[in-house]
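Chemist: For reference, the structure I am asking about is given below.
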Amino acid sequence: MRRNSNQTAATISTASTIVRGAIAIVSGGSIDADKLAAIISAATYVLARNIPGLLEIALLQRDFERAGSLAERAFELGAKVGPLCRRHWATIQQVRLAAGDAGGAESAARQVEGCTVAGPERY
């Protein structure tokens, strides 16, 4: 099932609230740093899962710079092979083409190819 922009915004708002709450608790001294790190890690995971939706929104708004940075961040946080990897690099390729960076777009196209893993041989 595809998420709509309202669902994505609600999830991001929730993650943001989690982080703000965790920081407030630490400021009051009632939680240790390890627990804070776990809370922030969970919030980051929630945000990372929603980057594809944010990418779509940025592209629809023709905010290519933001789409490119989101795609790069999604690659850093996510899968290094497979369909999401290809999607992120294809986005980066299109952003670079829109910016007139032919060399960068060519480099991104090579990265798209690198995201594909050959399936096992079947006999």
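None of the figures in this text is laboratory data; all of them are computed from the coordinates on show. Because the structure is predicted, anything quoted here is derived from the model rather than measured. Note: ideal-geometry Cβ built from the backbone for every residue, glycine included; neighbour counts use all protein chains shown.
Chemist: Please compute the contact order of the range 64-118 in relative form: average sequence separation of alpha-carbon pairs under 8 Å and at least six residues apart, divided by the residue count, as a percent.
Modeler: Values: 63 pairs, mean separation 20.9, N = 55.
Dividing the mean separation by the residue count of the range 64-118 yields 38 percent.
Chemist: Taking the Cβ of each residue in 75, 64 as the centre, tally the other Cβ atoms inside 10 Å and list the residues starting with the fewest. Walk me through the intermediate numbers first.
Modeler: On the way: 75 20, 64 17.
So the residues, fewest neighbours to most, are 64, 75.
Chemist: Moving on to the next point. Once you sort the root eigenvalues of the Cα gyration tensor of the range 64-118 as a ≥ b ≥ c, which label holds: rounded (a/c under 1.5), prolate (a/b larger than b/c) or oblate (the other case)?
Modeler: Details: a/c = 2.79, a/b = 1.36, b/c = 2.06.
It comes out oblate by the Cα gyration axes.
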